[in-house]
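These notes are about the structure you will find just below.
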Amino acid sequence: MPQSISGGTATHAAVFAPLVGAGRAEAVEKRLTDAITLGVLHDGEKLPSETALARQFGVAVVTAREALEALRNRGLVTTRRGRDGGSFVTSGGIRTAVVLDERLQAHSRAELRDLGVHYTAIAGMAAEIAADRSSPDDVDGLATIAASLDVTSEAAARRGVARFHLELAALSQSARLVREEIRLQAEFGPLLWLCLREQDYRDAHRAAQLAIVDAIGDVQPAVARQLITDGIQSAVDWLIGAKAELESKEQTP
């Protein structure tokens, strides 16, 4: 297992990896929606053709076509004809926000807490092992990623946080931890990092990442794990508060 991976390469590979179980259009739609809302698939990015999508996901072409149609209906994808045509990501801020708010509403508080516990176990263990196994060069690379976190926007910060967590998993030198980190980012990342809508949380995540780098460089695995745990717990607490606020608005006549 290499000690470093490209976050973008790894997450793109995860997005278009074969689906496990039944290859329903809803499963393809969810995978692509998560990738768009997480920022792995960028606004204006061209998606593979229906045939290529079907092959990569391991589904029928008609299934891929139905999934793209659902994404078009939600305003997340547009399709153009002609030589330079194809299906392109068109997610804008308001459309993405609506999709994520709908996803948040669909989860119970218990589910959110459980997802947080699961993700803490994976990311915390990765940080702990990385502190034991990382070389000075590894730490320097992680420090560069942490320092380069763009906190000027939610989308940029979300991509940066996802990349940092992927790199941490890679530094654990565990292929299983990397795969689980990627899977959880695809499943939970779009929701978990909703707190990055707020500037204070973006600034706090940048400071936390720098502190995690210091803990790993000083070979303090328990400290690295605790910092990861605190960050995820804070994000989950924000989610539960945001869910309560959305529910309150729905009940207001």
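When you go through His42, His118 one by one, which is the residue that is under 18 Å from the mean Cα position of the chain (by Cα), in a loop (DSSP other than H, G, I, E, B) and on the phi < 0 side of the Ramachandran plot? Let's see the steps before the verdict.
Details: His118 fails: in a loop (DSSP other than H, G, I, E, B).
It is His42.
Of all residues in segment 128-181, how many are part of a loop (DSSP other than H, G, I, E, B) and hydrophobic (A, V, I, L, M, F, W, C)?
2
List every residue pair whose Cβ atoms sit under 6 Å apart, with the two residues 6 or more apart in sequence or on different chains, where the first one lies in segment 97-121 and is at pLDDT below 95 and the second, anywhere, is hydroxyl-bearing (Ser, Thr, Tyr).
Close Cβ pairs satisfying both conditions: Val99/Thr37; Leu100/Thr37.
Can you say whether His107 is surrounded by fewer than 21 Cβ atoms within 10 Å (Cβ to Cβ) and within 15 Å of the chain's Cα centre (by Cα), as far as the supplied structure shows? Before the answer, list the steps.
Working: surrounded by fewer than 21 Cβ atoms within 10 Å (Cβ to Cβ): yes; within 15 Å of the chain's Cα centre (by Cα): no.
So His107 does not fit the description; no.
Filtering segment 46-58 down to residues that are crowded, with 16+ Cβ neighbours inside 10 Å and at pLDDT 90 or above, which residue is nearest to the chain's Cα centre (by Cα)? Quick ask: steps written out before the conclusion?
Residues of segment 46-58 crowded, with 16+ Cβ neighbours inside 10 Å: 47, 50, 53-54, 56-57.
This time we only want the ones that are at pLDDT 90 or above, so: 47, 50, 53-54.
Details: Leu47: 18, Glu50: 24, Leu53: 20, Ala54: 23 Å.
This residue is Leu47.
Just name the residue that is surrounded by the fewest Cβ atoms within 10 Å (Cβ to Cβ) out of those in segment 61-76 that are of a type in the set (A, V, I, L, M) and at pLDDT 90 or above.
Initially, segment 61-76 is screened for residues of a type in the set (A, V, I, L, M), giving 61-62, 64, 67-68, 70-71, 76.
Still in the running and at pLDDT 90 or above: 61-62, 64, 67-68, 70-71.
On the way: Val61: 14, Val62: 11, Ala64: 27, Ala67: 27, Leu68: 22, Ala70: 18, Leu71: 23.
Only one residue tops the list, namely Val62.
Yes/no per residue for (1) in the same structural domain as Gly231 (by TED's automatic domain parsing); (2) in contact with a Pro (Cβ under 9 Å, 6 or more places away or on another chain):
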| position | (1), (2) |
| --- | --- |
| Leu53 | no, no |
| Thr63 | no, no |
| Leu68 | no, no |
| Thr78 | no, no |
| Arg83 | no, no |
| Ala131 | yes, yes |
| Pro136 | yes, no |
| Val151 | yes, no |
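Among Ala204, Ala222, Ala244, which is buried (at least 16 other Cβ atoms within 10 Å of the Cβ) and in the same structural domain as Pro136 (by TED's automatic domain parsing)?
Details: Ala222 fails: buried (at least 16 other Cβ atoms within 10 Å of the Cβ); Ala244 fails: buried (at least 16 other Cβ atoms within 10 Å of the Cβ).
Sole residue among the options that is buried (at least 16 other Cβ atoms within 10 Å of the Cβ) and in the same structural domain as Pro136 (by TED's automatic domain parsing): Ala204.
Residues that are of a type in the set (D, E, K, R), over 9 Å from the mean Cα position of the chain (by Cα) and over 16 Å from Gln209 (Cα atoms): does segment 166-175 have at least one? If you could, list the steps in order and put the result at the bottom.
Of the residues in segment 166-175, the ones of a type in the set (D, E, K, R) are 167.
Those still in the list that are over 9 Å from the mean Cα position of the chain (by Cα) too: 167.
Going one step further and asking which of them are over 16 Å from Gln209 (Cα atoms), we end up with none.
No: zero hits.
If a residue has to be buried (at least 23 other Cβ atoms within 10 Å of the Cβ) and aliphatic (A, V, I, L, M) to count, how many in segment 179-190 make the cut?
So the count comes out to 1.
Pairs needed: first member in segment 218-241, at positive phi; second member anywhere, crowded, with 22+ Cβ neighbours inside 10 Å; C-beta distance under 8 Å; at least 6 residues apart or different chains.
Val219/Ala131
The values are calculated or read from the model by the stated rules, or taken from the named source; none is laboratory data. On a predicted model such as this, the values are computed, not experimentally measured, just so you know. We place every Cβ from the backbone using ideal geometry, glycine too, and count neighbours over all the protein chains shown.
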